[in-house]
Each structure stands twice: as structure tokens, then as C-alpha cells.
1. Do you know which residues across the range 185-200 are part of a loop (DSSP other than H, G, I, E, B) and more than 21 Å from Asp17 (Cβ to Cβ)?
2. Output the residue which, of all residues in the range 159-205 that are hydroxyl-bearing (Ser, Thr, Tyr) and surrounded by 12 or more Cβ atoms within 10 Å (Cβ to Cβ), is nearest to Val95 (Cα to Cα).
3. Inspect all residues belonging to the range 61-77 and state whether any of them is more than 25 Å from Leu11 (Cα to Cα) and of a type in the set (Ser, Thr, Tyr).
4. Given the conditions (1) in contact (Cβ under 8 Å) with a residue 40 or more places away in the chain; (2) part of a helix (DSSP H, G or I); (3) within 29 Å of Ala188 (Cα to Cα); (4) not hydroxyl-bearing (Ser, Thr, Tyr), which single one is not true for Glu51?
5. Out of the range 148-204, which residues are of a type in the set (Lys, Arg) and within 24 Å of Ser78 (Cβ to Cβ)?
6. Based on this model, can you work out whether Thr166 counts as part of a loop (DSSP other than H, G, I, E, B), among the β-branched types (Val, Ile, Thr) and at pLDDT 95 or above?
7. Considering only the range 92-104, I want to know if a residue exists there that is out of contact with any strand residue (DSSP E or B) (no Cβ under 6 Å at 6 or more places or on another chain) and in a helix (DSSP H, G or I).
8. Could you tell me which of the residues Lys25, Lys14 is among the basic types (Lys, Arg), within 15 Å of Leu196 (Cβ to Cβ) and in contact (Cβ under 8 Å) with a residue 12 or more places away in the chain?
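The values are calculated or read from the model by the stated rules, or taken from the named source; none is laboratory data. As the structure is a prediction and not an experimental result, all values here were calculated from the model. Note that we place each Cβ from the backbone using ideal geometry, even for glycine, and neighbour counts take in every protein chain shown.
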Amino acid sequence: MPIVLADPDNLDEKNADFAQVPLKKHFFLNSVPKSGSHLMKNIVRMFVPVEQQYSADFIQYPNLNQHAKALQGDPALSWGHLLFGEGPAILLKDVNHLLLVRDPYSWVLARARFFLSDNFQANIDHLKGGRVEIHDYLNMMIFGAHNRFPTMQEIYHNNVVAWLGTSARIVKYEDVVHHLKNIDEPEAETFFGELLAFGGIDLPSDWKERVAVGSDRKQSGTARENLKLQGQEVPSELPEMQKKLVDHTNPGLRELLGYK
């Protein structure tokens, strides 16, 4: 598996500043890779006792056997990128399963930034440092690279679409960001209250402070400004042709997820 390098956070220590109520049921934060995974887990970590947080690793299909214990036994909060399949379906049967998704257009850009950064170490170093024209690189994010990383279609098909219609609760990354920016609005309290209630967590009176601590971008080693890129810049918006390619290779996907 690829290696992800990120500076450690001090959120376990910050967690002690708040009164915590133990979980009564497993809560699993699933996500499409590069869809705000660290943001979501860091927010929810502020509402769960540290001793109930399974922080050994992001749970994924390749390491599922090693970390299946996180979803069994005593209730715990855990997180990962778990694709749909018979093993995950069995393990998540009695688990509060939240699935974070992202607009496929912005996902291409987020994946490109991360893969180009020094934080991501895999078998693609030969593509970094400006060796590939950026539009060609964006196409690789959509179409994949043979024997190196999967296509966008494969990832969204297995990590998102196959979970639709199940007990998984879908949450959009963009909705999380919107309510963080408008934290004082009544809609934000409703949003975070419902999100946490799905995980069996009652919204405490100091919820805004907890959300602010957990969403602090300095605490996320994979936030955009904390990635170390060399020699290449990724555009802030996906070019029109790449948008068309996303729609061509994934017809109906954005509409299915509520983005169109």
C-alpha cells in the first residue's frame, strides 16, 4: 500500500478539554479517498472518548483482516476507505456507517494535488516535479495509470455507488464545508446535530467549540495548504474538457450523488 506522510496532531490532548460520553454502538466514518476524510474524523474525534477511538490506521480492503477488530467487540469510533463487498457488508451490518463523498469535479483536483505532493509516496515519483504537463496529469486522475493507480470510475463505483441504497448514510463534503463557514446559522446546528445523532452522539452545548477544534486545518496533515508540492501547480477549478471527460466516463454519476 502507498505511504502517506503527515505531521501528527494533538487532538487527543484537545479531546480532554471536553466532557465525553461513551459510544454505545460502533461508528465507522467511511469516505472516498480525498473527500475530506481527515476533516470529518477530526471533528467527530472531539465528541468521542479517546479510549474508544481506533486510530491504528485507516481501514481499507487490503488491511481489513488486520483491522477488522475495530468493528467488532466493544463500541468504537473508526475510519477508513472501505469499498463495498461481502466482507465489509458483514462487518458493517450492525455499525453506524457514515459515508463521506465529494463532487467528482473537485475530487479530480484534490487527488491530483495529493499525488503530486511529497506527502504521498508510491510508485509514481517519476510523474512529479513537472515531468508531466498538468492537463495530461489531470486526465490520469480520471483514466488512471496502468498497474499504478485505478480509474476514477473504479473508485467511485466501488467506494460510493455500490453503497447507495444500503444502511450507509451519505454526507457531502461540500455540505460539511458550507456549515463550517456558517457555523452560527441555525442550519449548522441542525446539520451537525443530525450527523452526530446518526452515530449515536447527542449534541452537547459546547458543540461549536468542539467542531472548531476538530476542523482546524493546522491539525490536518493532508489539508491543501499543508501539502508539499514541487514543480507543478494544480488549477483551482477543473478545466471544461476534463469536466466533459468526467461526465463521459462516469455518465449520471454527479446527478446520482446530488451534484447536478
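1. Keep residues of the range 185-200 that are part of a loop (DSSP other than H, G, I, E, B), which gives 185, 199-200.
The answer is Glu185, Gly200.
2. Going residue by residue through the range 159-205, those that are hydroxyl-bearing (Ser, Thr, Tyr) are 166-167, 173, 190, 205.
Right, trim to surrounded by 12 or more Cβ atoms within 10 Å (Cβ to Cβ) and you get 166-167, 173, 190.
Values: Thr166: 12, Ser167: 9, Tyr173: 21, Thr190: 23 Å.
Per the stated criteria, the residue is Ser167.
3. Scanning the range 61-77 turns up at least one residue that is more than 25 Å from Leu11 (Cα to Cα) and of a type in the set (Ser, Thr, Tyr).
4. With respect to (1) in contact (Cβ under 8 Å) with a residue 40 or more places away in the chain; (2) part of a helix (DSSP H, G or I); (3) within 29 Å of Ala188 (Cα to Cα); (4) not hydroxyl-bearing (Ser, Thr, Tyr), Glu51 is out only on (1).
5. Applying the first criterion (of a type in the set (Lys, Arg)) to the range 148-204 yields 148, 169, 172, 181.
Matches in the range 148-204: Arg169, Lys172.
6. On the way: part of a loop (DSSP other than H, G, I, E, B): yes; among the β-branched types (Val, Ile, Thr): yes; at pLDDT 95 or above: yes.
Yes; evaluated as a whole, the condition is true for this residue.
7. yes
8. On the way: Lys14 fails: within 15 Å of Leu196 (Cβ to Cβ).
When all the criteria are applied, what remains is Lys25.
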